[in-house]
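S.K.: One structure, as structure tokens, below. Some questions next.
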Amino acid sequence: MRTKSLKKNKINVVTLGCSKNVYDSEILMGQLKASGKAVVHEEEGNIVVINTCGFINNAKEESINTILEFMQKKEEGEVDKVFVTGCLSERYKPELLKEIPNVDQYFGTTELPALLKALGADYKHELIGERLTTTPKNYAYLKIAEGCDRPCSFCAIPIMRGKHKSTPINELVIEAEKLAAKGVKELILIAQDLTYYGLDIYKKRNLAELLEALVKVEGIEWIRLHYAFPTGFPMDVLEVMNREPKICNYLDIPLQHISDDILKSMRRGTTKEKTTQLINDFRAAVPNITLRTTLIMGYPGETEADFQLLKSWVKAMRFERLGCFTYSHEENTHAYNLEDDVPEEVKQQRANAIMELQSQISWELNQAKIGQTFKVVIDRKEGNYFVGRTEFDSPDVDNEVLIDASKTYLKTGEFTTVKIIDAADFDLFGEVV
Ligand code: SF4
């Protein structure tokens with residue numbers, strides 16, 4: 001069947017899931033460009049590569065629906081080829097081959113060279129960090145390691161991403177320099193477990209040394225830390241955070257729960273007492289640190305008492321940023337052997353209750369910012385506002401600073417100084433000073 005009016009052989013890369021998938025898509029696109037291929041990100045193209053997510057049920061559903069959507073377009077002659085890669089493909093290739101056989105080819109998370117070959121391109125090892133970034137020009141993710149060695153009972157990531165593998169410091173510095181040369185000012189460091197960095201290749205937790213090297217990269221103004229793990233946290237990182245203004249006083253550390261019974265069953269290797277002490281140590285070491293955490297509601301065996309314990313702990317600890325997931329019963333994880341005994345609606349009720357509490361906490365913390373002045377990076381203009389973030393806000397997940405666009409003109413990617421004049425639960429309103 002003749003394809004309609006589409007320009008021949010433009011590769012459209014579609015990214016689902018987390019920032020690590022965004023990074024992988026950008027690497028794929030960089031390699032394709034280096035092989036002279038026309039490549040776009042989520043725009044029209046007659047060849048489609050879907051980089052899927054296989055983490056939890058909702059994400060898997062979204063990935064499958066996206067595949068089916070493009071298979072429909074292929075059916076209708078709108079696209080010629082559909083390739084599928086990423087975590088869902090890594091985890092469920094045999095099932096996908098049976099259920100959706102007309103996909104041109106499925107690839108796992110470690111099969112970039114084979115995927116490139118199928119797209120008529122060659123894998124070039126020398127292209128260290130060469131990628132087409134898909135984030136706004138002023139910030140980019142820097143994946144410092146892949147995979148995970150942790151045994152968390154609910155998590156399928158090690159099944160899809162394999163063992164922890166750190167990227168050497170010198171390669172990450174080269175990558176950061178290339179990003180800075182393209183105008184990136186903010187690096188968001190990501191991994192499955194950031195704090196494990198270096199244990200494989202340097203035989204020690206080496207995140208602090210990596211940070212020392214990255215702060216020397218000209219042009220980079222902010223470095224942000226995501227996906228830390230509570231057990232064995234390298235406290236020397238906080239010393240660098242205090243000393244180096246480029247390191248945002250911000251830390252994302254998913255804690256998942258706080259009841260000792262649940263933490264034990266989750267195989268998190270920590271306790272309520274140790275976790276509370278760790279949070280207090282963070283706040284003592286870096287007084288104005290902003291902590292982001294993530295919690296799971298409705299894990300097998302979670303009682304009303306466990307939930308109430310967590311709720312009162314969240315109330316007491318007052319995280320600056322907090323997100324919630326409902327437990328997803330994932331095959332081949334350790335927790336899959338347990339009974340998924342908390343009804344879906346109860347999981348959701350508990351998650352809603354925690355987020356309601358958090359919106360109150362966030363509102364109160366934001367009220368205290370009125371009258372204060374902050375360095376703000378402008379991410380975009382939206383309607384009547386320029387939209388920016390302080391060093392305490394990560395893109396897409398945290399608060400934003402809204403600046404009335406009728407009163408000033410600001411450039412995207414520019415840093416400016418803003419006085420906060422009003423605040424809502426998850427947004428701040430400011431004026432340039
Ligand atoms: S540390 Fe994170 S990625 Fe690793 S197993 Fe635990 S939850 Fe999964």
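S.K.: What's the FRET efficiency of Thr373 with Ala284 using the Cβ-Cβ distance as r and R₀ = 30 Å, to the nearest 0.05?
M.R.: Once rounded, the FRET efficiency stands at 0.75.
S.K.: Further, regarding this structure: How far is it, in nm, from the label point at Lys98 to the one at Asp422 when both lie 7 Å from their Cα along the line to the Cβ?
M.R.: That separation, rounded to one decimal, is 5.8 nm.
S.K.: Can you give me the distance in nm between label points at Glu239 and Ile201, each placed 7 Å from the Cα along the Cα-to-Cβ direction?
M.R.: Output for this residue pair reads 2.3 nm.
S.K.: Now, a different point. Report the gain in length on full extension from Lys165 to Glu273: 0.36 nm times residue separation, minus Cα-Cα distance, nm rounded to one decimal.
M.R.: Gain in length upon complete extension: 35.8 nm.
S.K.: If packing is taken as the average count of other Cβ atoms within 10 Å, what order do 141-148, 106-113, 323-330 fall into, highest mean first?
M.R.: Going by the mean number of other Cβ atoms within 10 Å, highest first, we get 141-148, 323-330, 106-113.
S.K.: So how far, in whole Å, is the C-alpha centre of the stretch 7-68 from the one of the stretch 382-433?
M.R.: The two parts, judged by their Cα centres, are 31 Å apart.
S.K.: Now for a separate question. I'm checking a number: the convex hull volume of the Cα atoms of the stretch 120-163, normalised per residue, in Å³. What is it?
M.R.: 153
S.K.: Over the chain, with the other protein chains present, what is the accessible area per residue in square angstrom, probe 1.4 angstrom?
M.R.: 44
S.K.: Based on the alpha-carbon gyration tensor of the stretch 228-283, what equivalent-ellipsoid semi-axes (square roots of 5 times the eigenvalues) come out, in whole Å, largest first?
M.R.: Rounded to whole Å, the semi-axes are 25, 10, 9.
S.K.: Hey, another quick one. Can you give the alpha-carbon Rg of the stretch 157-196 over 2.2 N^0.38 Å, where N counts its residues?
M.R.: Output field value: 1.41.
S.K.: Also, quick follow-up: Share of Cα-Cα pairs in the stretch 156-264 beyond 15 Å, in percent?
M.R.: Counting pairs separated by more than 15 Å, the tail of P(r) holds 66 percent.
S.K.: Hey, for a label at Glu177 modelled as a point 7 Å past Cα toward Cβ, could you say which residues of the stretch 128-152 have their backbone N under 17 Å away?
M.R.: Under cut-off, by backbone N: 128-131.
S.K.: Could you tell me the accessible area of Lys419 in Å² (1.4 Å probe, neighbours in place), rounded to the nearest ten?
M.R.: Looks like 80 Å² after rounding.
S.K.: Using the Cα atoms of the stretch 182-238 to build a convex hull, what is its mean projected area in square nanometres?
M.R.: 4.3
S.K.: What list of whole percents do you get for P(r) of the chain, with Cα-Cα distances grouped in 20 Å bins up to the one holding the largest distance?
M.R.: 24, 57, 20, 0
S.K.: Per 0.36 nm of contour for each residue apart, how much would the distance between Glu431 and Glu304 grow if the chain were fully extended, relative to their Cα-Cα spacing?
M.R.: 41.2 nm
S.K.: Another question, then. Please turn the phi angles of the stretch 283-296 into ³J(HN,Hα) values with the Karplus equation 6.51 cos²θ - 1.76 cosθ + 1.60 (θ = phi - 60°), one per residue in order, whole Hz, x for glycine and proline.
M.R.: 6, 6, 6, 10, x, 9, 5, 9, 10, 10, 9, 10, 10, 10
S.K.: To check you understand DSSP bridge types, tell me what percent of the beta bridges within the chain (both residues inside) are antiparallel, rounded to 5.
M.R.: Bridges in the chain that DSSP calls antiparallel: roughly 35 percent.
S.K.: Once phi is turned into θ = phi - 60°, what whole-Hz ³J(HN,Hα) does the Karplus curve with 6.51, -1.76 and 1.60 give for every residue of the stretch 248-253, x standing for Gly and Pro?
M.R.: Using θ = phi - 60°, the values come out as 4, 7, 8, 9, 9, 9 Hz.
S.K.: Restricting things to Cα coordinates, could you compute the convex hull volume per residue of the stretch 211-336 in Å³?
M.R.: Given the Cα convex hull of the stretch 211-336, per-residue volume reads 123 Å³.
S.K.: With only alpha-carbon atoms counted, please give the Rg and Dmax of the stretch 296-339, in Å.
M.R.: 12.6, 35
S.K.: Another question, if that's okay. Rounded, prolate or oblate: which one fits the stretch 29-159, using the alpha carbon gyration tensor with axes a ≥ b ≥ c (rounded when a/c is under 1.5, else prolate when a/b beats b/c, else oblate)?
M.R.: Note, shape of the stretch 29-159 comes out oblate.
S.K.: Sticking with this structure for a sec: Amide H to amide H, which residues 5 or more places from Glu414 or on other chains are under 5 Å from it, using H placed in the peptide plane?
M.R.: Hits under the 5 Å cutoff: Ile378.
S.K.: Using a 1.4 Å probe over the heavy atoms of the protein chains, calculate the carbon and sulfur portion of the accessible area of the chain as a whole percent.
M.R.: Roughly 51 percent, rounded to a whole number.
The values are calculated or read from the model by the stated rules, or taken from the named source; none is laboratory data. Note that the structure is predicted; figures quoted are calculated from it, not measured. Note that each Cβ is placed from the backbone with ideal geometry, even for glycine, and that neighbours are counted across all protein chains shown. The area values use the complete protein model at the heavy-atom level, side chains included, leaving out ligands, DNA and RNA. Shrake-Rupley method; radii C 1.70, N 1.55, O 1.52, S 1.80 Å.
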